[in-house]
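These notes concern the structure reproduced below.
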Amino acid sequence: MAHRCNKSSASCGKTYDIQLSGLIAGVCDMFNLGAHVTQMLPKVGPHVKVECGTLFTIAMAMLGTQSMSGLSSIDSFVLRSPMPFILANPASCSPELCSLKYLNRYVFADLLDRIVAYGASQFVLDITRLMVDPAEVIIARGDSTSYHLDGAVRAELPEGGELNRKQRRLLESMKKARFSTDRNAIVLTRGYSRDNHPHNAQVNQFALCTRTSVSDKPLVIFQSAFSGNTNDISYFSRCMEADLSKILKDYPFLRYVIFDSAGCTERMIRALTSCGVHLITRVPDKNKQVKLVLKKCEEQQIELTKLKVRYCGEEREIEVATLGMKPLTAKEDSPELSMMLVKAEAMRDQKVELIKGRAQAEKQALEASIKVMAPSDHPAFACEADARKAFDALAATAKLCHVSAPTIEEVRKHKRAGRPAAGDKGEIIGYNVRAAVEIDEAVVAKAIEHELYYVLGSTDPNISPKDMFEFYHEQSDIEGCWRDIKLPGSFLDAFHIKSPSRIRALLALVTLALNVQRIALSQVWRYLTEHGVSLVLASGKRTKRPSMKKLLNCHGLSGAKVFFDQNGFRFEGILPGTVLHAFLQEQRPEIRRYYDPSAYEDYYEHFKVFYDSIKEHDQQTCSRDDTPTMAANEWQPNAGSLAVG
């Protein structure tokens, strides 16, 4: 159907892509997230033009569709997408809400400030609780990651001196926060980096994720930002000690929390058991109990039994030995863990690749260090003793490689220029060291065998070996969350915000966008699986579990767009007959409305106001405007397009 209006001659118009913005915004509408955010972060007064709920939904569309690389990209996203005037309610809102004047980096910065005042951890918990059934949250998996930032070291609150007005407000809001993670100021500092960027300032993020029926991928239920270069072991224990009881008020059915070896501490065990929650973790290889068990295993004093488990979606066979309840340390009051020795023979190929990779990296590092000991233009050491001492210290660091005996070379220099006299070798001015490095295959083989054995522990004395193994190895769930967030071109590769407080809030928004995106993708995956169909990518390949990037390149999706000018607008939907078109027909109305031509009839006034603001914006920034333009009479609508005037 089409309604056309020819009030004047052809004029310049603009085309805006809906693409996946509607899918993400539709998921937000399914759970009424925008309305809840407006209640949680209210704006009061006649000056208010855009509610926080609207800003939140736009932020989810930007982050969830991987269209945002920082606050500076908000203006360009608003120019490319019809999201602003779609979200404006024509029945209750003024059309000026859609104006570019009220949708820019400054109002989004205000949203970040309000999230900080509310409590970033509290904000994520309250929003995620709307999407997740608390009865399904039985197991949570915890871990942390780091993000590197450009710029100097910065503190959220200075340690000394007077606070300015903004810092005083921040301090007051921190004191009222429910979670300790929201009460502790963060510092962007340099040091240890999980991403190998120790020279950059960093901030860390801790999270708990869980598996639920609403998504085929795990969702984050709790997160917190903390200072860079902070020890995981102490932070994990401190966080659980202070905040687990509060998390349980929202998720009372939580029974197991899973950590890697960083969570295997007495403080962590006591924090969890005091709340009636069990810990499942890997006991560190440095633990005395583990050293004794591994030694007995090498001497074949421990009998292993075969056990069938599910690992990485496949049935596999491993060997285990239950060790019973054992104290974590030699202290009299040390808490006990139900320990189990595991030999993962099915993971041998992975371990071989892992250890050989470590050996190769170690060899390259040693060779680079030895090369520094023999520069071509000057001596590396002033005396032979220093040369040998430096070499011995370097050789002692070799674990998987063998460093040959060193060759100490004398570096000589003649006192005078010109041809030296016969037999004149010059005077010694220093020494260099040369040596060869080889991978020790015997040590590598032993390390591979050692890596196949490890010890798991749980505070639950009644847990079965099968459950302990499977629950622990689902720890990769949280690592997958970090991997998706840090994927190049996805969410944020690096931050471009200087304020530590706004970075704290931005991490909260990124986490929620990950949850919304995973729920949206799950809707697509489940439809494809249930109907036995697949999507055709731009490359011609087919897939049943497309990522967000691949979904953007699917055949037919590029057809979802809006063209408008001052005379009217035209909507072009996803191509009929495509898989995505059939998928949308079976979705809930909250998702369908963004791709339904008839739904746009109510928004014509918003389009006109928005168009005027775009013309004003174009006049000011015409040199930077990269949005596509076309003449109104050049519009070529496909089947299902709607034109309104």
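A few comments on the model shown:
- Selection count where residues are surrounded by fewer than 23 Cβ atoms within 10 Å (Cβ to Cβ), under 19 Å from N104 (Cα atoms) and hydrophobic (A, V, I, L, M, F, W, C), scope the stretch 16-49: 2
- Filtered by the rule that a residue be loosely packed, with under 13 Cβ neighbours inside 10 Å and under 13 Å from H473 (Cα atoms), the stretch 292-321 gives C312, G313, E314.
- Residues located in the stretch 15-42, provided they are modelled with pLDDT of 85 or more and farther than 18 Å from M131 by Cα: L41, P42
- The set of residues in the stretch 29-65 that are closer than 24 Å to R588 by Cβ and of a type in the set (V, I, T) comprises V37, T38, T54, T57, I58, T65.
- Qualifying residue in the stretch 51-65 (condition: of a type outside the set (D, E, K, R), out of contact with any Lys or Arg (no Cβ under 8 Å at 6 or more places or on another chain), at pLDDT below 70 and assigned to a helix (DSSP H, G or I)): no
- Residue in the stretch 175-184 that is more than 30 Å from G276 (Cβ to Cβ) and small (G, A, S) present: no
- Pair list, Cβ < 7 Å and 6+ apart or interchain, from the stretch 522-535 residues that are under 16 Å from H581 (Cβ atoms) to residues that are among the acidic types (D, E) and open to solvent by 70 Å² or more (accessible area, probe 1.4 Å): Y527/E586
- Contacts under 6 angstrom Cβ, first residue in the stretch 37-52 being touching a residue at least 24 places away in the same chain (Cβ under 8 Å), partner open to solvent by 70 Å² or more (accessible area, probe 1.4 Å) and charged (D, E, K, R), 6 or more apart: L41/R114
- Selected residue [of a type in the set (D, E, K, R), under 23 Å from E367 (Cα atoms) and in contact with a strand residue (DSSP E or B) (Cβ under 9 Å, 6 or more places away or on another chain)] from E479, E470, E409: E409
- Flag for L208 being of a type in the set (A, V, I, L, M, F, W, C), crowded, with 19+ Cβ neighbours inside 10 Å and within 29 Å of I519 (Cβ to Cβ): yes
- Some residue of the stretch 407-423 being open to solvent by less than 50 Å² (accessible area, probe 1.4 Å) and among the hydroxyl-bearing types (S, T, Y): no
- Residue check, Y256 farther than 26 Å from T128 by Cβ, open to solvent by 20 Å² or more (accessible area, probe 1.4 Å) and among the aromatic types (F, W, Y): no
- Some residue of the stretch 450-461 being of a type in the set (G, A, S), modelled with pLDDT of 90 or more and closer than 19 Å to Y256 by Cα: yes
- Restricting D386, D285, D392, D349 to those that are surrounded by 13 or more Cβ atoms within 10 Å (Cβ to Cβ) and in a helix (DSSP H, G or I) reduces the list to D386.
The values are calculated or read from the model by the stated rules, or taken from the named source; none is laboratory data. A quick note: this is a predicted structure, and the numbers were derived from the prediction, not measured. Every residue, glycine among them, receives a Cβ derived from its backbone with ideal geometry; neighbour counts consider all protein chains shown. Side chains are part of the model used for accessible areas, which takes the heavy atoms of the whole protein and leaves out ligands, DNA and RNA. Shrake-Rupley method; radii C 1.70, N 1.55, O 1.52, S 1.80 Å.
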